[in-house]
Amino acid sequence: MADIFADGFKETPYWWDLAPHDESDERTPPAEADAVIIGSGNVGLSCALSLSRLGRKAVVLDAEEVGHGASTRNAGYLGRGLAFKYSDLAAKLGRDDAAKLATVAVAAHDYAAGLIRDEQITCYYRDSGRFLAAPSKRSYDKLAKDLDMMRADGVPVDAEMIPRERQHEEIASDIYHGGQILRGNGIMHPGLYHRGLVERVRSQGTDVIGFCPATSVDRSGAGFSVTTPKGTIKARDVFVATNGYTPKALPWHRRRVVPVSAFMIATETVAPELMAQVLPQGRPLLENRNTPLWIRPNEDGTRVLFGGTTGEGLDHLPNKARHLYSEMTRVVPALDGVKLTHCWTGKVAFSFDWLPHTGTHEGIHYALGWCATGVPMGTYLGHQTALRIVGDPASVTPLDDRPFPTKPFYYGTPWFLPLAVGWLKWQDRRMLRE
Ligand SMILES: Cc1cc2nc3c(=O)[nH]c(=O)nc-3n(C[C@H](O)[C@H](O)[C@H](O)COP(=O)(O)OP(=O)(O)OC[C@H]3O[C@@H](n4cnc5c(N)ncnc54)[C@H](O)[C@@H]3O)c2cc1C
């Protein structure tokens, strides 16, 4: 492979160029607060913002710099769905429950898009729609069938099937069998979205403190005592919002989420004619399979961003960049020769039932296991958690307090991941053959 790395190639998220991260934080936490929020991603911040608007004093902690986790590393897709395909969800839970959960996902998108608008967060949010690319004829047929089913069940979905003959209207690729345009889905710049949330939360007088890990959470009177190296905080409520980064100090939560590394690359500036050929509508693409690849334009449509949840562990990042580059040029051969400026990684978290979970365990609130839908879903359920903390009955969603499964001998290190990913990839390959 020819040299694919541009001068100054970085192993940090492309998004951090416009929204840099702090290298240190001298802030110290207060001795008391109404709520301690563990994790400074979108979920923790969304909860903190709503709590401050409801007159509660929260403090947000992060073990690393503020925004260290997936919230500033993701692809910036603001979707309206769950990780589950609708017919699979219906087969698992029944059609009533499936329709309820699918409708929550739509509400989550609308809440997050509304927050960006109402808070005037400048993050290049765009109602782009999404192209869900079908890797096989069977996948295309299933997408069409699921769409009919969702419509029949009253799920508010606005979508159109695009047959293979028309797919060049969406992507300069011949490897797909058409796909589905999902309208009402958006994209944005996740670094700026996160930074906007931090600014709004701090402007309400709420502390957001980096390099301040919660090392233990203990009962104390009617509330809790949260220990950190920078001091102990007493609070009535604690909210765990650590998702793929859930630490050993929170063993009940850690046993219930499976962290999986996802990887992304960014290209150098691409000639406008080539950009117009690669993604003619400027619409982000996501493959409709278990281990998908995705491709989108950057915030101003001058570069290509490409990623995948490869499932393998954290390798040497330049090697990962080479692997993703060969995948990108397999999908879009016209990008061969374009150089890379960034490659980065982050952790998503899957639950064992592939559904997000929120609720209260032994008095501690949690919202975790986004299965790669955390940008809209997490923003929404962070807000709903704030409502729960203040005792508002409007906090309840169909996702609340569902059984949150774990597995025997699982303590947070997913030793079974190679097997599980192997199984998912085998299913993907089988679908390609059919
Ligand atoms: C490459 C990639 C692409 C993705 N693309 C999309 C997408 O396009 N759309 C989408 O919806 N989702 C996407 N996701 C998933 C999405 O980013 C996550 O679901 C979401 O950001 C999770 O937010 P969060 O606030 O729950 O957790 P995070 O943002 O991961 O934050 C958790 C934080 O908890 C902190 N923490 C851990 N332990 C402690 C402790 N002891 N004390 C204090 N803090 C602690 C961590 O340092 C971390 O900063 C993607 C993820 C990745 C990695």
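The values are calculated or read from the model by the stated rules, or taken from the named source; none is laboratory data. Only a predicted model underlies this, so the values are computations on that prediction, with no experimental measurement involved. Neighbour counts run over all protein chains shown; Cβ positions are idealised from the backbone, glycine included. Only protein heavy atoms, including side chains, enter the accessible area calculation; ligands, DNA and RNA are left aside. Shrake-Rupley method; radii C 1.70, N 1.55, O 1.52, S 1.80 Å.
Worth a mention:
- SER261 being within 12 Å of the ligand (Cβ to nearest atom), touching a Gly at 6+ places or on another chain (Cβ under 8 Å) and not aliphatic (A, V, I, L, M): yes
- Between ALA108, ALA91, ALA48, ALA102, the distinction of being assigned to a helix (DSSP H, G or I), more than 14 Å from the ligand (Cβ to nearest atom) and in contact (Cβ under 8 Å) with a residue 40 or more places away in the chain belongs to ALA102 only.
- Whichever residue in the stretch 60-71 is more than 7 Å from the ligand (Cβ to nearest atom) and crowded, with 24+ Cβ neighbours inside 10 Å and, among such residues, is nearest to the chain's Cα centre (by Cα): VAL66
- Every residue from the stretch 17-45 that is more than 13 Å from the ligand (Cβ to nearest atom), open to solvent by 20 Å² or more (accessible area, probe 1.4 Å) and closer than 20 Å to LEU192 by Cβ: ASP17, LEU18, PRO20, GLU23
- Filter pass, VAL270 being within 16 Å of the ligand (Cβ to nearest atom), at pLDDT 95 or above and not acidic (Asp, Glu): no
- Residues in the stretch 120-137 that are open to solvent by less than 40 Å² (accessible area, probe 1.4 Å) and not small (Gly, Ala, Ser): ILE121, CYS123, ARG130, PHE131, LEU132, PRO135.
- Of all residues in the stretch 368-420, exactly one satisfies the criterion of being basic (Lys, Arg) and surrounded by 19 or more Cβ atoms within 10 Å (Cβ to Cβ), namely ARG388.
- Residue match in the stretch 208-218 (condition: in a strand (DSSP E or B), surrounded by fewer than 17 Cβ atoms within 10 Å (Cβ to Cβ), touching a strand residue (DSSP E or B) at 6+ places or on another chain (Cβ under 6 Å) and among the polar types (S, T, N, Q)): yes
- Here TYR140 fits the description: more than 25 Å from LEU399 (Cβ to Cβ), open to solvent by 20 Å² or more (accessible area, probe 1.4 Å) and in a helix (DSSP H, G or I).
- Contact map, the stretch 63-85: first residue within 17 Å of VAL240 (Cα to Cα), second residue polar (S, T, N, Q), Cβ cut-off under 7 Å, separation 6 or more or different chains; pairs are VAL66/SER40; GLY67/SER40; GLY69/ASN243; ALA70/ASN243; SER71/ASN42.
- HIS323 within 15 Å of the ligand (Cβ to nearest atom) and open to solvent by 40 Å² or more (accessible area, probe 1.4 Å): yes
- Flag for ILE116 being β-branched (Val, Ile, Thr), open to solvent by less than 20 Å² (accessible area, probe 1.4 Å), out of contact with any Pro (no Cβ under 7 Å at 6 or more places or on another chain) and not in a helix (DSSP H, G or I): no
- If you go through the stretch 384-419 and keep only what is part of a helix (DSSP H, G or I) and touching a Leu at 6+ places or on another chain (Cβ under 6 Å), you end up with ALA386, ALA394, SER395.
- Residue in the stretch 239-249 that is crowded, with 17+ Cβ neighbours inside 10 Å, touching a residue at least 40 places away in the same chain (Cβ under 8 Å) and more than 14 Å from the ligand (Cβ to nearest atom) present: no
- Look at (1) of a type in the set (Lys, Arg); (2) surrounded by 21 or more Cβ atoms within 10 Å (Cβ to Cβ); (3) at pLDDT below 95 and you find that LYS85 fails only one, number (2).
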